[in-house]
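First the structure, in the form of structure tokens, and then the observations on it.
Taken together, the values in this text are just the output of simple stated rules run on the coordinates, not laboratory data. Being a predicted model, the structure only gives us computed values, none of them experimental. Cβ coordinates were reconstructed from backbone atoms using ideal geometry, including for glycine residues, and neighbour counts include every protein chain displayed.
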Number of protein chains: 2
Amino acid sequence: MEEVDHLAHERSKAQFDGDAMKVVWAGSKHALDVADRMARLVASDPVFRKDNRPMLARKELFKNTLRKAAHAWKRINELHLTEEEASMLRVFVDEPSYVDLHWGMFVPAIKGQGTDEQQKKWLPLAYKMQIIGCYAQTELGHGSNVQGLETTATFDPKTDEFIIHSPTLTSSKWWPGGLGKVSTHAVVYARLITEGKDYGVHGFIVQLRSLDDHSPLPGITIGDIGTKFGNGAYNTMDNGVLQFDHVCIPRNQMLMRVSQVTREGKYIVSDVPRQLVYGTMVYVRQTIVSDASKALSRAVCIAVRYSAVRRQFGSQDGGPETQVIDYKTQQSRLFPLLASAYAFRFVGEWLKWLYADVTQRLQANDFSTLPEAHACTAGLKSLTTSATADGIEECRKLCGGHGYLCSSGLPELFAVYVPACTYEGDNVVLLLQVARFLMKTVSQLGSGKQPVGTTAYMGRAQHLMQYKCDVCGAEDWLKPSVILEAFEARAVRLAVNCAQNISKAPSPEEGFSELSADLVEAAVAHCQLIVVSKFIEKVQQDIPGRGVKEQLQILCNIYALSVLHKHLGDFLVTGCITPRQGSLANDQLRSLYSQIRPNAVALVDAFNYTDHYLGSVLGCYDGNVYPKLEEEAWKDPLNDSVVPDGYHEYVRPVLKQKFRVSRL
Amino acid sequence: MEEVDHLAHERSKAQFDGDAMKVVWAGSKHALDVADRMARLVASDPVFRKDNRPMLARKELFKNTLRKAAHAWKRINELHLTEEEASMLRVFVDEPSYVDLHWGMFVPAIKGQGTDEQQKKWLPLAYKMQIIGCYAQTELGHGSNVQGLETTATFDPKTDEFIIHSPTLTSSKWWPGGLGKVSTHAVVYARLITEGKDYGVHGFIVQLRSLDDHSPLPGITIGDIGTKFGNGAYNTMDNGVLQFDHVCIPRNQMLMRVSQVTREGKYIVSDVPRQLVYGTMVYVRQTIVSDASKALSRAVCIAVRYSAVRRQFGSQDGGPETQVIDYKTQQSRLFPLLASAYAFRFVGEWLKWLYADVTQRLQANDFSTLPEAHACTAGLKSLTTSATADGIEECRKLCGGHGYLCSSGLPELFAVYVPACTYEGDNVVLLLQVARFLMKTVSQLGSGKQPVGTTAYMGRAQHLMQYKCDVCGAEDWLKPSVILEAFEARAVRLAVNCAQNISKAPSPEEGFSELSADLVEAAVAHCQLIVVSKFIEKVQQDIPGRGVKEQLQILCNIYALSVLHKHLGDFLVTGCITPRQGSLANDQLRSLYSQIRPNAVALVDAFNYTDHYLGSVLGCYDGNVYPKLEEEAWKDPLNDSVVPDGYHEYVRPVLKQKFRVSRL
């Protein structure tokens, strides 16, 4: 294939230093270097090929994933990669597998909930992958409500063992990744029962399979839960089902950092604060927000490049048609997503800082900021994953018909991403947690207790309830303070309205339940404010590189004003802005689209994604889309023969009016 | 498995006559009977099994579809089914295949564009399926813009033939269903060139494959374009790629009803009005709207039933947890979709009437209502397909984690549905056509030309620009006239605002292009008004059956007020309602949710879908979800063996610290 950069003209139009923007996106020069090296390592290794995934049947697909996981582990060891490099390599392998749960959930669970002794015993085995672990929490009948789990762990003082048991069908462990076919061990969550009393859900290390021949241990029934959404997507993962029939484990395999059962069967709570668990949640959710910006940016990269390549309509006298990216309808859907990718990147970066801050405070026994940090990460997890899932699908639609082909990469990206809206807390359930925190904050206003962190603005509730936006012209909407105050006023007013309506109900609980749809909207408003304010903070920092800061400023304004436009009802119903000001914001938005347009391709180049990682013919770097689409098409198994399998049995008889159709 | 109706209690709560509602949904007693018989016929025939689709590799999947298509054709003939019954049977087979294009596009194209003589020659062959046809319009580089097609059909007076040719890579025919592996013939769209002049795009009947051995004819390169979104979904269809290398066809295979080429090569336009083509578009889009209600209602049926089965949280002292359907957050997402399914059903029914009306007028050479009918169907196609695609995915999320399993049926339903947003006119492009029509209508106000049909309300623009909504209490929002006027005022004001802003631009075309995102919103407002007004008209008819009308009234109000809530910004920014009135609408909505709640399960039962057609463990009629989920899981090929294929090569070496990973 000819090597021509079909997007060279687009790239030449960029008004900023692309290399400097790459550093901003990656977070640092070092992070960019590591990512760049690991991405190339993966892209150049044929074992990590992934374009054939949609054509493989489940078993083949799964075996291939096992192969990649083993190969990655081999390369990590051969090249003596650092932990940072290894985890980056896994990112670019870009295929869900048991490895994710081993490193992402099993190891952290032991670290967070195991005693020092337990860590000393289990972690070295896990680090060397001499055991492979998963995280067995959710059950067939129990997802969001962890306290409703049914699996029991009953202490038997006679044998000094716990008896792990699945008392009902709905108590089957269901969904844990890596469980179905691979894991040798699991952290299993079960109701701890000792001395006849149910102490609620606790974690236990349970061996599932023989280390000799991989067969399930006695009393353990285990399997895969079946095909999931998408062609490849999460079908590379062995999400599993697990039933226990009175399986005995030694007492010391209960994770005992926070509470213990003694040899005699006494339940004892240790002096280690329970809040530590929330610290882990802050960590996990922070990584989810960071993954959101990664997934959204991939989709946006594909859609932006292809929108610059693709032409439709608008041809005058036989000249070339108009680039799709030049249509305002395309811009008004695409550029807010480009801006969102950057916005989520920066709020994710800030969450890393927040996690470090919380951890430091926890170590100093300072729990004061934990509830706010917890609400904040819950809300941002919900906001960014929902917007990303919707955004990927929108990018697919923005690619027209070809976005429906697997070779566009977008169907796979969507199907593999959407579970993020459900796992680690259903997005609506999380927003209700945020709302509950907001209602508590509102109720404490005036009590002298000052709201902290991301809720600090609520301390200015009185001012914000009175506030009138003073925008007179479209350019006023470019001022960060104007945007910030409008978002603060909207968030405060929605929250206060909810609180007032709740207070009219027979009881707070009834009011909360009756108004929960409104509360979700108030929580969203609060979370969007956080994203906007962190983007503004980012842009107010020193940012080196020609034109880089200017582009980020434009993106920041696009993000804020497109959210405002989408939720105009909120801003108007609370009287934060006038209809006229709403229209001015929309005028400004159109002007911002024109400003970002010449930089769009360079702004997605700044993600520095290889063609391998993108996995999209439509999004390929050189824009040489059509020959590649055609090349991919011919690879389909259906094209192995000119006359399709089944012609003689099922097509010819129809054409020749013979209906002797055999029943297989 | 025990035969218990887990939803019996839900069904006993219904406040209306379920059988009467089934007739309303089906359209008539006769339609219900036919649908019921055909659905059972398909469900009881093992050849039509579809639960294994997600597990089949592409070739197997495709062969299986060929088998089903042949079997369906056999049964249709054996049982001497009527045309109505046959098409209903194909609906319940529920698997995209070449048959859809043969009956849905190839035959109608010949009927609509062929001369009487051509119809006499080709239709009998097609009716008996002695030839199988597809519709080859879109090209690799050309989708929405039909006028931009590149394939040429050059008349050669020497041989009295057209030479069909693909001059470029981007001119490859791309996407046509049934083309890739099955069709023997196609209606091919190509630029007609005669006497050195390009007369634009015309249709030609081209034979593609030998009727003897199915091999492509000389000069024809043909194949499948590869895997598409979803596990089964459209992968049962052979969407194809096709290149012509100077393929000759007789002159009389040009479809010559509207224009002809003579033996000498003269291009002649016949006296048959070109507008007939638009009549066909009205027909096709009407069927798409009707399919939208079908697809959305399936998703809603699954989500409603499972939401009544599933319990999470809210357990007091160990009692059962709360049914998910009782949460307001669930209701506020689910019930508007239930209402939309009914709304789209009724607007689709009305479109059938509209098509009949337009056809009658065309036959009488009356083209006066055609532009309005065309804009109306374009807009409704866009509105209903977008809402349905989003709605199916929302239903999937409403089922929590289990909605991600293929056995829930929802991933498949989504993946197979989304192309409807793109085919037969990209949804945004269609809305811009509607907007163009609206702008024209606005510009003619006061010219004496009265707007007709669904735009008649614009004749009252002066009144609607002045109008003030007089809602004082939540119950005022139940009055049809109040709802209708608010929607009319919003639609008119958005349209007039756009028109005014366009008039400020240097030229109307520049203005239209610059404001196209706003124009899309105005078009959406107009289309939503149509759906609301047709629902209101339906509910104002005589509807027999205890409580049936009352339920439809509630659904109508839920549809209207949830749209109002979602687009509150529009209503407020145009001053159609006050913030206070917006809040009252929201209060009314919550109360409507409580009213519909006890009837929700019975309202989805009224769709009368068999478990086979639903194809969902979560949505099964008896609600016995959990044993069925487990049963489905064990069927996965990964569960064929306890120790997975690949363990010895790729898992054991990791566990045993041996990195000799073979490179296949």
So how far apart, in nm, are the two label points at B:Leu211 and B:Ala505 if each is 7 Å from Cα heading toward Cβ? 5.3 nm
Over the range B:1-123 - Rg/Rh using Cα atoms and the Kirkwood inverse-distance radius: 1.08
Loop by DSSP (not H, G, I, E, B), at most 11 other beta-carbon atoms within 10 Å: where is the longest site-free stretch of chain A for GluC sites (Glu not before Pro)? A:265-664
Could you calculate the contour length gain from A:Asp116 to A:Asn52, that is, 0.36 nm times the residue separation minus the distance between their Cα atoms, to one decimal place in nm? 18.5 nm
When B:Phe48, B:Phe229 are arranged by how many other beta-carbons sit within 10 Å of their Cβ, fewest first, they go B:Phe48, B:Phe229
In whole Hz, what ³J(HN,Hα) sequence does the range A:193-200 give by Karplus (6.51, -1.76, 1.60; θ = phi - 60°), x for Gly and Pro? 10, 9, 6, x, 10, 8, 9, x
Fewest to most neighbouring Cβ within 10 Å: what's the order for B:Ser28, B:Ser172? B:Ser28, B:Ser172
Check the range B:107-272 and count each lysine pair with an alpha-carbon distance under 25 angstrom, considering only pairs eight or more places apart or from different chains. 19
A:Gln466-A:Gln540 FRET efficiency (beta carbon distance; Förster radius 30 Å; 0.05 resolution): 0.70
Shape call, chain A: gyration tensor on alpha carbons, a/c limit 1.5: oblate
Please go through the residue pairs B:Lys22/B:Lys397; B:Lys566/B:Lys628; A:Lys566/B:Lys468; B:Lys468/B:Lys566 and name each one whose alpha carbons sit more than 29 Å apart in this structure. B:Lys566/B:Lys628
Based only on Cα atoms, what Rg/Rh ratio does the range B:324-379 have, Rh being taken as Kirkwood's radius? 1.30
Using each residue's phi in the range A:14-20, evaluate 6.51 cos²θ - 1.76 cosθ + 1.60 at θ = phi - 60° and report the 3J(HN,Hα) Karplus result to the nearest Hz, with x for Gly and Pro. 4, 9, 8, 7, x, 5, 5
Percent of C-alpha pairs per 5 Å bin, the range A:130-235, short to long: 2, 12, 20, 24, 19, 13, 6, 2, 1, 0, 0
For Cα pairs less than 8 Å apart in space and 6+ apart in sequence, what is the mean separation divided by the residue count of the range B:272-395, i.e. the relative contact order in percent? 44 percent
How far is it, in nm, from the label point at B:Thr369 to the one at B:Arg580 when both lie 7 Å from their Cα along the line to the Cβ? 4.3 nm
Taking A:Trp103, B:Trp353, A:Trp25 and counting other beta carbon atoms within 10 angstrom, the fewest-first order is B:Trp353, A:Trp103, A:Trp25
Sorted from shortest, what are the nm distances separating the label point of A:Phe313 from equivalent points in the other copies, each placed 7 Å from Cα along Cα to C-beta? 4.5
Average projected area of the Cα convex hull of the range A:568-649, in nm²? 11.4 nm²
What list of ³J(HN,Hα) couplings, whole Hz, do you get for the range B:92-106 from phi and the Karplus terms 6.51, -1.76, 1.60, once you set θ to phi - 60° and write x for glycine and proline? 7, 4, 6, 8, x, 7, 3, 4, 4, 6, 4, 7, x, 10, 5
For the protein assembly as shown, alpha-carbon Rg and Dmax in angstrom: 31.1, 106
Tell me, what is the FRET efficiency for B:Cys248 and A:Arg40 to the nearest 0.05, using R0 = 51 angstrom and their Cβ-Cβ distance as r? 0.50
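Rounded to the nearest 500, what is the 222 nm mean residue ellipticity of chain B from helices alone, with -39500 (n - 2.57) per DSSP H run of 4+ residues and division by all residues?
Values: 24 runs with 337 residues, N = 664.
When only DSSP H runs of four or more count, the value is -16500 deg cm²/dmol.
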Which far-off residues, 5 or more places away or on another chain, put their amide H under 5 Å from the one on B:Cys134, with H placed in the peptide plane? B:His185, B:Ala186, B:Val187
Residues of the range A:194-218 with backbone nitrogen within less than 13 Å of a virtual label 7 Å along the Cα-to-Cβ line of A:Thr159, please, listed as ranges. A:218
Cβ-based net charge around B:Ser332, under 14 Å, with every Lys or Arg adding one and every Asp or Glu removing one: 0
Can you list, shortest first in nanometers, how far B:Ala364 lies from the same residue in the other copies, with each label 7 Å from Cα toward Cβ? 8.6
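Quick one: if the Förster radius is 25 Å, what FRET efficiency do A:Glu321 and B:Lys440 give, using the C-beta to C-beta distance and rounding to 0.05?
On the way: r = 24 Å, r/R0 = 0.97.
With R0 = 25 Å, the Cβ-Cβ based efficiency is 0.55.
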Simple spin-label estimate for B:Ala8/B:Gln275, 7 Å along Cα→Cβ, in nm, reads 6.0 nm
Amide H proximity to A:Leu179 below 5 Å, modelled H, separation 5+ or other chain, gives A:Gly240
In peptide A:172-178, what is the residue-averaged number of other protein chain Cβ atoms found within 10 Å of each Cβ? 2
